[in-house]
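Peer 1: Here you go, one structure.
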Amino acid sequence: MSTNLTPATGAARPHRKDHPLWFLIPALAVLVVFFFVPTLFNFVYAFTDWSSFKSEINFAGFDNFASLFGNGTLLNALKVTLVYAVLVAIFQNLFGLGLALLLERDTRVNRAVRVAFFVPVIMSALAVGYIFQALLKPDGALNGIIGLLTGSDVSIPWLGNTTWTIVVVAIVHAWKWMGLSMLIYLAGLKTIGDDVLEAGRLDGAGRWTMFRSIKFPLLAPAVTFNVATALLGSMNGFDIVQATTEGGPGGTTELLNIFIFRTFGQGLFAQATTMSLVLFLTVTVLAFPVIRFLRKREDVL
Amino acid sequence: MKKPFRYTLALAAAGAMALTACADPGADSGSGGPVDWPAQDADLSGTTLTIWAAQNSNTVPDSVIAGFEELTGAEVEVVTVPDPYEQGVQTKVATGDKPDLAFWQPTASQLTALNASQNLQPLDDAPWLDAYEPELRDITGILDGTRYATLITTPAVQGVYYNKEVFAANGITEAPADWGAFVELARDLKADGVTPFHEMGADRWGTQWWVQVQLADAAADGLWDRVNAAEEEFTDPAIQGAIDTYNDLIEEGLFNEDIKTATFEDQGAALLAGDAAMVVQVNSFFGQLQSLADTDELNEKIGFFPIAPSGNVGTFIPDQSNALVAFRTGDADQESAARQLLSYWMGEGYQGFVDAQSTVSLQSGVDTPADVPDALLSVSESLGGSVGSMQASAIANPDLYIYLADMIQGTKTPAEVAEATQSQFNELAKAQGAEGF
């Protein structure tokens, strides 16, 4: 539709003829079958008693919601998910922005290093999880290295601490995705005009002032995209946490998706669907104000 | 432009809804029980049977399949369903995908989870039943009075694996005869500077055995029937008491120091090396030991005794690799061929099967091969007098082990463990339509 160069004025809309509506059907069919219907069913099944224990599926009203909110597990999982998402958003953006600033200049070395930092993004998340699980074991490589440096026997249970393990896992998640944030920040930095930077330099701005007053404000659109995708994407996190801690220790990293997986495994399909509906709604409810706030930041400029 | 687009979308959605809404996953027309059991060598040329197996059971049927294919001309395919196996199978069956046969935990809770009365063939009049050792014939595989699963190997027994050398070095010549003596023994060992027990808090699943072995006497007295009928709860004294005792023993320091981070692999290595004297575990733990040492070394070092409050009573817990179920596929010939394969497996093929697997025979007429390790013989000897575990006897299998692991990590109190387990049990029982929930 945007290819139509002549403005559509008056009653006659000539582009209708060369783009008939039925051209939409193949794409629409894919959209409906693979996106629309599953989402719809996510809503429908949440109000039934679908389980692996019987063949018939009956309407159950708000029963699933009542029992899920009745015991604290769902709220706890929701809390863990939010904490995890915020941590990932912070770390991933800090790492990504730091890398982008470090590798900003287009030298040959920088190009190679950028590729190296992008490799984790295309790696399988489960593989990343299992690698870190091995590295972070009490007798794993990380403790070995620390032990070598300090000259003492170190056996810190990185993945066995009920307070700090969620931070460790969030850092692993951020490590995997930081290359993507880096790429977007790099693209953002490229859009900053040389004249602006030069003017800043002529005014005597140092590195820090240049970053704080010019680069960072002008990166606002990149920040919006990176924060929103990291925050909302990690709300749907599962693979890395499942591979490293399986929700442990003591349920302190049990994301909602892990809880859903466990519930589904118990055969309580309707309840698992209800939970994923709750997750869907939470992400939606969170997405609007977050994106609006970040967009507002862009407007101020 | 906008309006017709919306209209089309709504129409397409409505169409798709109408199409899919009729499909009822898991629905199947229940036919009557099979009456005929074909001869083991009946010709099956052109028939292909599918067996679903887990990653740790997919080579179990090899010898049987080879023999059966040669005898009947049938073709048998083993399809590996990735772990977590039970979850994968349940999901496939719920969406209408079924094999002819599958490895399956023959317990009431897991047969219920598969919706046995709808999806599985009853095996009530199977020809091999009388060949079983009498006390093993009806031990498991039965739901609501109908037999749906056939046991092929000895089910696991929860009990104590101990290091014989550590026992000998501390002057212990006899296994403790009851719970009191068992705990006393642990305290003596600790006083001598030996770590009495080893638990794997990080891998979680082994934690539940400690609670379950303490419930053996109550289980013999119908504990799980009462729990199934909502007459008794996990928070009532029997089960809560067992959880409390477990917690007390941990706090007393009778377990390994790294209980929070220890894994299944650590547990096997610790017992074999004598770093810990005893481990409460099931047969798969012995499988882990077998990957670390040969039969001679294991016979020398590792022993097994069952334990319960009142004496040496084991608690059995069959798992997926111990049994097979036959599915109702709706195709009478396929169903009959599946029954024929089971007949052969438990009939002419059984000696070859136990020999190939080096496993204990369940049938009085079939000999156990000589290379079965001593500890496994002790396990299978304890089976006859053992009682059902939660998995074997309760209608639902809540994640007790996760909550107990939470307790070890310090995020749940013993009381919260019981509450969380009961609340999950209620949900599962309600979903099954069990009375009283």
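The values are calculated or read from the model by the stated rules, or taken from the named source; none is laboratory data. Keep in mind that what you see is a predicted model, and the values were worked out from it rather than measured. When we count neighbours, we look across all protein chains shown, and the Cβ atoms used for this are built from the backbone with ideal geometry, even at glycine. Just the protein is used for accessible areas: all its heavy atoms, side chains included, with ligands, DNA and RNA removed. Shrake-Rupley method; radii C 1.70, N 1.55, O 1.52, S 1.80 Å.
Peer 1: Along each principal axis of its Cα atoms, how long is segment A:79-300 end to end? Whole angstroms, biggest number first, please.
Peer 2: Answer, in whole Å and largest first: 65, 50, 27 Å.
Peer 1: What does the charge dipole of chain A about its Cα centre add up to, to the nearest 20 debye, if the Cβ of each Lys and Arg holds +1 and the Cβ of each Asp and Glu holds -1?
Peer 2: It works out to roughly 700 debye.
Peer 1: I'd like to verify something in chain A: which complete DSSP H helices, judged by Cα projection on the helix axis, reach 24 Å or more and average at least -1.0 on the Kyte-Doolittle scale?
Peer 2: Correct list, ordered by number: A:73-102, A:165-190, A:269-300.
Peer 1: Right, here's the next one. In Å², rounded to the nearest 100, what is the total accessible surface buried by chains B and A against each other with a 1.4 Å probe?
Peer 2: The B and A chains share an interface burying roughly 3500 Å².
Peer 1: Which FRET efficiency, nearest 0.05, do residue A:192 and residue A:167 yield, Cβ-Cβ r, R0 30 Å?
Peer 2: Efficiency for this residue pair is about 0.35.
Peer 1: Where the only charges are on Cβ atoms (+1 Lys, Arg; -1 Asp, Glu), what is the dipole of segment A:76-186 about its Cα centre, to the nearest 20 debye?
Peer 2: 280
Peer 1: Specify the inter-centroid distance of segment B:172-188 and segment A:153-207, based on alpha-carbon positions, in whole Å.
Peer 2: Spelled out, the Cα-based centre of one part sits 58 Å from the other.
Peer 1: Excluding residues on the same chain fewer than 8 positions from residue A:54, give the aspartates and glutamates whose Cα lies under 12 Å from its Cα.
Peer 2: Straight-distance partners of residue A:54: B:24, B:28.
Peer 1: Which of the pairs A:176/B:412; A:137/B:260; A:137/B:412; A:176/A:296 have their Cα atoms more than 21 Å apart in this structure?
Peer 2: Checking Cα-Cα distances, A:176/B:412; A:137/B:412; A:176/A:296 exceed 21 Å.
Peer 1: Apply the Karplus curve 6.51 cos²θ - 1.76 cosθ + 1.60, θ = phi - 60°, to the phi angles in segment B:61-67 and return the couplings in whole Hz, x for Gly and Pro.
Peer 2: Here the 3J(HN,Hα) series is x, 3, 5, 5, 4, 4, x Hz.
Peer 1: Tell me the trypsin sites (Lys or Arg not before Pro) within segment A:100-202 that lie in a loop according to DSSP and have at most 12 other beta-carbon atoms within 10 Å.
Peer 2: In loop regions of segment A:100-202 (DSSP not H, G, I, E or B), the sparsely surrounded trypsin sites (Lys or Arg not before Pro) are A:105.
Peer 1: Could I ask something else about it? Relative contact order of chain B, please, whole-number percent, based on alpha carbon pairs below 8 angstrom and at least 6 residues apart.
Peer 2: Result for chain B is 26 percent.
Peer 1: Counting partner chain Cβ atoms within 10 Å of every residue's Cβ in A:245-258, what's the average?
Peer 2: For this peptide, the per-residue mean of nearby foreign Cβ atoms is 4.
Peer 1: Now, a different point. Provide the packing ranking of A:267-279, B:70-82, i.e. peptides ordered by the mean count of other C-beta atoms within 10 Å per residue, highest first.
Peer 2: Result, highest mean Cβ count within 10 Å first: A:267-279, B:70-82.
Peer 1: For segment A:79-300, what relative contact order do you get, as a whole percent, if you take Cα pairs closer than 8 Å and at least 6 residues apart?
Peer 2: Computed value for segment A:79-300: 30 percent relative contact order.
Peer 1: Please figure out what share of the DSSP beta bridges in the protein assembly as shown is antiparallel and state it in percent, rounded to the nearest 5.
Peer 2: Expressed as a percentage, antiparallel bridges in the protein assembly as shown total about 65.
Peer 1: Based only on the alpha carbon positions, what is the Kirkwood hydrodynamic radius of the protein assembly as shown, in angstrom?
Peer 2: Result for the protein assembly as shown, one decimal place: 29.4 Å.
Peer 1: Of all the accessible heavy-atom surface of the protein assembly as shown, with the other protein chains kept in place and a 1.4 Å probe, what percent is carbon and sulfur?
Peer 2: Carbon with sulfur: 58 percent of the solvent-accessible area.
Peer 1: So what is the 222 nm mean residue ellipticity for chain B from helices alone, if each DSSP H run of at least 4 adds -39500 (n - 2.57) and you divide by all residues, rounding to the nearest 500 deg cm²/dmol?
Peer 2: -13000 deg cm²/dmol
Peer 1: Suppose every K and R has +1 on its Cβ and every D and E has -1 on its Cβ; what is the size of the dipole of the protein assembly as shown about the Cα centre, in Debye to the nearest 20?
Peer 2: So the dipole magnitude of the protein assembly as shown works out to roughly 6100 debye.
Peer 1: Sticking with this structure for a sec: Could you tell me how many degrees, from 0 to 90 and to the nearest 10, lie between the Cα long axis of helix B:414-432 and the main elongation axis, the longest principal axis, of the Cα atoms of chain B?
Peer 2: Approximately 20 degrees, to the nearest ten.
Peer 1: Using the heavy atoms of the protein chains alone and a 1.4 angstrom probe, what is the accessible area of segment A:79-300 per residue in square angstrom?
Peer 2: Here the residues of segment A:79-300 average 49 Å² of exposed surface.
Peer 1: In degrees, nearest 10, range 0 to 90: what is the angle between the Cα axis of helix B:374-383 and the longest Cα principal axis of chain B?
Peer 2: 70
Peer 1: Now for a different question. At 7 Å along Cα-to-Cβ for each site, give me the label-to-label distance between residue A:76 and residue A:295 in nm.
Peer 2: 3.8
Peer 1: Let me ask something else. Excluding residue A:111 itself, calculate the net charge of residues whose Cβ lies under 13 Å from the Cβ of residue A:111, where each Lys or Arg counts +1 and each Asp or Glu counts -1.
Peer 2: Neighbourhood net charge equals +1.
Peer 1: In peptide A:20-30, how many Cβ atoms from other protein chains are near each Cβ within 10 Å, on average?
Peer 2: 2
Peer 1: Excluding residue A:274 itself, what net charge comes from residues whose Cβ is under 12 Å from its Cβ, given Lys and Arg +1 and Asp and Glu -1?
Peer 2: Here the charged neighbours net out to -3.
Peer 1: In addition: Would you mind counting up the charge near residue B:81? Only other residues with Cβ under 15 Å from its Cβ, with Lys and Arg at +1 and Asp and Glu at -1.
Peer 2: Net of charged neighbours comes to -4.
Peer 1: Segment B:244-287 to segment B:80-109: how many Å between their Cα centroids?
Peer 2: The two parts, judged by their Cα centres, are 31 Å apart.
Peer 1: Taking amide H positions as placed 1.01 Å from N in the peptide plane, with prolines and chain starts having none, which residues 5 or more places from residue B:76, or on another chain, fall under 5 Å of its amide H?
Peer 2: Counting only residues 5 or more places away or on other chains, the set is B:49.
Peer 1: Among A:124, B:341, A:267, pick out the residue whose Cα is farthest towards the positive end of the charge dipole of the protein assembly as shown, where Lys and Arg carry +1 and Asp and Glu carry -1 on C-beta, about the Cα centre.
Peer 2: Positive-most Cα among the choices belongs to A:124.
Peer 1: What does the structure give for A:264-274 when I average, per residue, the other chain Cβ atoms found within 10 Å of the residue Cβ?
Peer 2: The mean count of partner-chain Cβ atoms within 10 Å per residue comes to 5.
Peer 1: Separate question: Using alpha carbon centroids, what distance separates segment A:35-72 and segment B:206-234, in Å?
Peer 2: Taking the Cα centre of segment B:206-234 as reference, the centre of segment A:35-72 is 30 Å away.
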